[in-house]
1. Sort out which residues of the stretch 141-158 are surrounded by 15 or more Cβ atoms within 10 Å (Cβ to Cβ) and assigned to a loop (DSSP other than H, G, I, E, B), and write them in order of number.
2. Determine, yes or no, whether LYS271 is of a type in the set (D, E, K, R), free of Cβ contacts under 8 Å to residues at least 24 places away in the same chain and more than 30 Å from ILE44 (Cβ to Cβ).
3. Looking at the stretch 38-62, which of the residues that are closer than 17 Å to LYS28 by Cβ and in contact with a Lys or Arg (Cβ under 8 Å, 6 or more places away or on another chain) is modelled with the highest pLDDT?
4. Return a yes/no flag: does the stretch 230-243 have any residue that is touching a Gly at 6+ places or on another chain (Cβ under 8 Å), assigned by TED's automatic domain parsing to the domain that holds THR183 and not small (Gly, Ala, Ser).
5. Check off (1) within 30 Å of THR248 (Cβ to Cβ); (2) touching a residue at least 12 places away in the same chain (Cβ under 8 Å) for PHE296 and give me the number that stays unchecked.
6. Answer with yes or no whether GLU32 is at pLDDT 75 or above and surrounded by 10 or more Cβ atoms within 10 Å (Cβ to Cβ).
7. For the stretch 170-207, enumerate the residues that are without any contact (Cβ under 8 Å) to a residue 60 or more places away in the chain, β-branched (Val, Ile, Thr) and either surrounded by 21 or more Cβ atoms within 10 Å (Cβ to Cβ) or not in a helix (DSSP H, G or I) (or both).
Amino acid sequence: MKRKIIRQGHNTMTITLPSEWIKKLNLKPGDEIDLSEDENSLIISSDGNNKEKSATVDITNFTIPLLWRFVQSAYRAGCNEIKITFDPVHKNCEDAYHYYTSNFDYKILGEKIPPKPALVMIQSVVDRFIGLGIIETGKNYCIIRELGEPTIKEFENSLRRIFLVILQLFERVTEAIESNETTDVGLCKELHTIDLNIDRFVDYCCRILNQIKGHFSESKKILLFSTLFILELIGDEFKYIGKHLATTKKNVKDTLLFADKIEEHFKTYYKLFYKFDKSLAIELGKKDFDVYSQHFKSKEKLEGESRSIARHFMMIGKFTWALAELRIQMEF
């Protein structure tokens, strides 16, 4: 919609607000609205009567992955309250954290995670999301609520924490390869648990970006969302590497040099993200070429699980270069 600018006095320009928008938010003369600049745009917003955002999710007949997607989406969107309803007749549910691994990876390794009552399973899901807690339960429902108010400082701290956890995963995996720590399902579970911290902080950062208005331009928010999702994918690659380490019976030290090169590649991007410098971008570009060159030369020599592990490290390298592209775009 378009509005004409009206001169009001000597130096003041005004525009009228759409009546439907005013009615929707129940605004009255004297109420305050928020104005934020985004390059050539001026964004007008108001909490009005919509300060609280809520959602209801009926998980009857949901698979565990589908349950995760619904709760995660409501959380990332900034819902203050989420009501979950479930079938009270269905007594036991599969474990929320090990749906795929218990059906595939852990099954191969001879393990089966026992089922849990619905409310216990939901509690484990809620514990995964920063700032949420169950405040009410009934026979076939529970109500989850935000227990604190996120700030931009928490966003900055959580984003930094994602990088640090990824570096921790690099260190743990290279340590396992160097010490030939294979055929151990415990390592697979350990890496999975560490990666869950990345997922938690990614979701929390997305939630804060959706809740806090005006701090970042809309274009930068899109780039930050994309960055967060790719960082989450990098964390997942370490889980896959953990599975290969847990199932192999052979020494995989022949992947160590490539792992070190990918780690250095990521560390260079980490520096670039927090202190953009053209020389660092040039260095990152050279390292990306080196990563491809070494992978091309060594992939035919590697066999079995070593080849699979190198492929996952290569994916981390590709994701790192994609992250660098997003960071460069933030400068324009």
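The values are calculated or read from the model by the stated rules, or taken from the named source; none is laboratory data. Everything quoted here is computed from the prediction, not taken from an experiment. Cβ atoms come from the backbone with ideal geometry, glycine included; neighbour counts cover every protein chain shown.
1. We begin by selecting, within the stretch 141-158, every residue surrounded by 15 or more Cβ atoms within 10 Å (Cβ to Cβ); these are 141-146, 150, 154-155, 158.
Scanning the stretch 141-158 gives a single hit, PRO150.
2. Numbers: of a type in the set (D, E, K, R): yes; free of Cβ contacts under 8 Å to residues at least 24 places away in the same chain: yes; more than 30 Å from ILE44 (Cβ to Cβ): yes.
Judged against the criteria, LYS271 is a match.
3. Narrowing the stretch 38-62 to residues closer than 17 Å to LYS28 by Cβ: 44-51.
Adding the requirement that they be in contact with a Lys or Arg (Cβ under 8 Å, 6 or more places away or on another chain) leaves 45, 48.
Working: SER45: 69, GLY48: 53.
Filtering first and then ranking leaves SER45.
4. To start, the set of residues in the stretch 230-243 that are touching a Gly at 6+ places or on another chain (Cβ under 8 Å) comprises none.
Looking through the stretch 230-243, none of the residues is touching a Gly at 6+ places or on another chain (Cβ under 8 Å), assigned by TED's automatic domain parsing to the domain that holds THR183 and not small (Gly, Ala, Ser).
5. Result: PHE296 fails condition (2) only.
6. Numbers: at pLDDT 75 or above: yes; surrounded by 10 or more Cβ atoms within 10 Å (Cβ to Cβ): no.
Considered against the rule, which asks whether it is at pLDDT 75 or above and surrounded by 10 or more Cβ atoms within 10 Å (Cβ to Cβ), GLU32 comes out as no.
7. ILE198, VAL202
Conditions tested, residue by residue: (1) modelled with pLDDT of 80 or more; (2) buried (at least 19 other Cβ atoms within 10 Å of the Cβ); (3) under 30 Å from ILE212 (Cα atoms).
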site: PHE86; (1), (2), (3): yes, yes, no
site: GLU94; (1), (2), (3): yes, no, no
site: TYR100; (1), (2), (3): no, no, no
site: LYS107; (1), (2), (3): no, no, no
site: LYS112; (1), (2), (3): no, no, no
site: GLN123; (1), (2), (3): yes, no, yes
